[in-house]
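Undergrad: After the structure tokens below, expect a handful of questions from me.
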Amino acid sequence: MKFNAAEFKDALSVLPEGEQPRVLSQLCSKHFSGCLKDFESPAVELVPALLPLAAKFSIAPISGFHVGAVAVGASGHLYLGANMEFVGAPLSASLHAEQSAVLNAWMHGESAIVALAISEVPCGHCRQFLWELSNVTTLPIIAGPTRTDLGSLLPMPFGAPRKTGHGLLDSPPTTLESIAPITNDAAQRALNAAQRSYVPYTNAPEGFVIECADGKSFAGRAAESIAFNPSTPAAVCALNQRNLSTSRDYSISACTHAKLATGLHSQSELTATIIRRISSAEIKTVRLEPS
């Protein structure tokens with residue numbers, strides 16, 4: 001999808017007329033990064049009408065199934081999300097729209113989501129991923145005309161709910177340092193991202209930075225699920241931020257992967273497989289250790 005006003009206007013047609021110019025101007029800004037704000041209407045009332053827009057960002061070359069999601073942050077900002085699939089990579093590398101919206105809010109610094117709207121009913125994979133949020137038992141879920149909560153959608157979850165201050169969005173950072181001296185900004189950003197990873201089950205933080213041909217760069221962090229399979233590698237988190245921005249049509253020129261030097265598991269091979277399918281850029285590695 002190219003960033004053109006005509007296509008956005010069509011996707012925004014169900015929004016209140018007074019909100020359409022405000023949203024369109026943000027979308028067409030060169031600084032757009034998947035976050036919408038400054039509304040006249042209450043943010044939670046707008047999310048169903050923004051789902052067609054979110055679905056425009058979907059990349060689904062395998063399934064052809066395009067899903068959009070919108071998360072409402074405690075700040076009142078709205079965060080778009082869309083599913084992503086990678087041809088030639090394992091299906092488990094796919095990112096679901098709900099994950100995309102939550103990760104987008106996380107990478108923008110939100111500490112809580114107060115509502116989540118999706119264009120399709122959440123699958124079990126996503127329900128388990130959302131279980132990592134601190135307000136999981138009361139989080140409002142809007143799927144089409146249905147309004148429910150995650151506690152109702154996941155009546156027998158795997159794992160106890162996370163306590164406030166220990167969930168995906170609100171966990172404290174860890175302290176890491178590079179084994180070798182940091183020599184460039186991308187390496188430092190990757191280290192910084194790794195320190196904000198959510199890895200309570202493996203304690204194997206990682207950060208990933210993508211640099212694009214337009215000069216912009218995007219960081220991602222690892223986000224784990226107690227069930228493991230809904231976990232998201234840092235590279236996919238970074239690709240999500242790129243996809244939800246005005247840089248989505250620009251080629252990737254460089255990648256930096258910061259990861260723990262010792263750990264019980266590694267995302268390196270999966271990360272390399274995904275990046276090889278979409279770019280010829282080399283992946284530079286920054287090896288980390290606890291400080």
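The values are calculated or read from the model by the stated rules, or taken from the named source; none is laboratory data. Treat the numbers as computed from the prediction; the structure is a model and nothing was measured. All Cβ positions, even for glycine, are placed from backbone atoms using ideal geometry, and neighbour counts span all protein chains on display.
Undergrad: Restricting to segment 141-174, give me the number of residues that are outside any loop (DSSP other than H, G, I, E, B) and at pLDDT below 95.
TA: At the first step, the residues of segment 141-174 found to be outside any loop (DSSP other than H, G, I, E, B) are 141-143, 146-153.
From the residues that got through so far, the ones that are at pLDDT below 95 too are 143, 146-153.
Counting residues in segment 141-174 that are outside any loop (DSSP other than H, G, I, E, B) and at pLDDT below 95 gives 9.
Undergrad: Filtering segment 39-64 down to residues that are at pLDDT 95 or above and polar (S, T, N, Q), which residue is nearest to the chain's Cα centre (by Cα)?
TA: Ser58
Undergrad: Which residue out of Ser171, Ser134 is touching a Ser or Thr at 6+ places or on another chain (Cβ under 7 Å) and either under 22 Å from Asn203 (Cβ atoms) or of a type outside the set (Val, Ile, Thr) (or both)? Reasoning before the result, please.
TA: Details: Ser171 fails: touching a Ser or Thr at 6+ places or on another chain (Cβ under 7 Å).
Only one candidate passes the filter, namely Ser134.
Undergrad: Further, regarding this structure: Scan segment 80-96 residue by residue and report those that are over 20 Å from Gly207 (Cβ atoms) and in contact with a His (Cβ under 9 Å, 6 or more places away or on another chain).
TA: Passing the criteria: Gly81, Ala82, Asn83, His96.
Undergrad: Could you tell me whether any residue of segment 183-199 is at pLDDT below 95, out of contact with any Ser or Thr (no Cβ under 7 Å at 6 or more places or on another chain) and assigned by TED's automatic domain parsing to the domain that holds Ile252? Step through it out loud before you land on a result.
TA: Our first condition is that a residue be at pLDDT below 95; within segment 183-199, this holds for 183.
Filter once more, so that each one left must be out of contact with any Ser or Thr (no Cβ under 7 Å at 6 or more places or on another chain): 183.
Then drop every residue that is not assigned by TED's automatic domain parsing to the domain that holds Ile252, which leaves 183.
Within segment 183-199, one or more residues are at pLDDT below 95, out of contact with any Ser or Thr (no Cβ under 7 Å at 6 or more places or on another chain) and assigned by TED's automatic domain parsing to the domain that holds Ile252.
Undergrad: Does segment 109-149 hold any residues that are in contact with a Lys or Arg (Cβ under 9 Å, 6 or more places away or on another chain) and either of a type in the set (S, T, N, Q) or not assigned by TED's automatic domain parsing to the domain that holds Gly76 (or both), and which are they?
TA: The answer is Ser134, and nothing else.
Undergrad: Turning to a different aspect of this structure: Looking only at segment 217-230, which residues are buried (at least 17 other Cβ atoms within 10 Å of the Cβ) and touching a Phe, Trp or Tyr at 6+ places or on another chain (Cβ under 8 Å)?
TA: Here is the first cut: in segment 217-230, the ones buried (at least 17 other Cβ atoms within 10 Å of the Cβ) are 217-227, 230.
Across segment 217-230, the qualifying residues are Ala219, Gly220, Arg221, Ala222, Ala223, Glu224, Ser225, Ile226, Ala227, Pro230.
Undergrad: Against the condition in contact with an Asp or Glu (Cβ under 6 Å, 6 or more places away or on another chain) and at pLDDT below 95, how does Ser247 come out, does it pass? First the steps, then the outcome.
TA: Details: in contact with an Asp or Glu (Cβ under 6 Å, 6 or more places away or on another chain): yes; at pLDDT below 95: yes.
Yes: the conditions hold for Ser247.
Undergrad: Checking the condition surrounded by 15 or more Cβ atoms within 10 Å (Cβ to Cβ) and in a strand (DSSP E or B), which residue from Ala281, Ala254 passes?
TA: Numbers: Ala281 fails: in a strand (DSSP E or B).
That would be Ala254, the only listed residue that is surrounded by 15 or more Cβ atoms within 10 Å (Cβ to Cβ) and in a strand (DSSP E or B).
Undergrad: Limited to segment 28-52, what total is found for residues that are touching a residue at least 12 places away in the same chain (Cβ under 8 Å) and either among the acidic types (Asp, Glu) or under 14 Å from Ser245 (Cβ atoms) (or both)? Spell out the reasoning first.
TA: Restricting attention to segment 28-52, the residues satisfying the condition of being touching a residue at least 12 places away in the same chain (Cβ under 8 Å) are 28-41, 43-44, 46-52.
After this cut, where a residue has to be either among the acidic types (Asp, Glu) or under 14 Å from Ser245 (Cβ atoms) (or both) as well, the list is 28-36, 38, 40.
Number of matching residues: 11.
Undergrad: Just to confirm my filter: which helices (runs of 4 or more DSSP H) fall fully inside segment 17-133 and include at least 3 residues that are surrounded by 18 or more Cβ atoms within 10 Å (Cβ to Cβ) and touching a helix residue (DSSP H, G or I) at 6+ places or on another chain (Cβ under 6 Å)? Walk me through how you get there before you give the answer.
TA: On the way: elements: 20-27, 43-55, 97-107, 124-130.
So the answer is 97-107, 124-130.
Undergrad: Based on this model, can you work out whether Cys237 counts as touching a helix residue (DSSP H, G or I) at 6+ places or on another chain (Cβ under 6 Å) and either at pLDDT 95 or above or not assigned by TED's automatic domain parsing to the domain that holds Ser29 (or both)? Talk me through it step by step, then tell me what you get.
TA: Values: touching a helix residue (DSSP H, G or I) at 6+ places or on another chain (Cβ under 6 Å): yes; either at pLDDT 95 or above or not assigned by TED's automatic domain parsing to the domain that holds Ser29 (or both): yes.
Spelling it out, Cys237 is indeed touching a helix residue (DSSP H, G or I) at 6+ places or on another chain (Cβ under 6 Å) and either at pLDDT 95 or above or not assigned by TED's automatic domain parsing to the domain that holds Ser29 (or both).
Undergrad: Of the conditions (1) part of a loop (DSSP other than H, G, I, E, B); (2) surrounded by fewer than 19 Cβ atoms within 10 Å (Cβ to Cβ), Glu177 fails just one. Which one is it?
TA: (1)
Undergrad: How many residues does segment 195-210 hold that are hydrophobic (A, V, I, L, M, F, W, C) and assigned to a strand (DSSP E or B)?
TA: First pass over segment 195-210, keeping only residues hydrophobic (A, V, I, L, M, F, W, C): 199, 204, 208-210.
Of the ones still in play, those that are also assigned to a strand (DSSP E or B) are 208-210.
Selection size over segment 195-210: 3.
Undergrad: In segment 108-123, is there at least one residue being in contact (Cβ under 8 Å) with a residue 12 or more places away in the chain and farther than 24 Å from Gly34 by Cα?
TA: Narrowing segment 108-123 to residues in contact (Cβ under 8 Å) with a residue 12 or more places away in the chain: 108, 110-123.
Those left that are additionally farther than 24 Å from Gly34 by Cα: none.
No, that holds for no residue.
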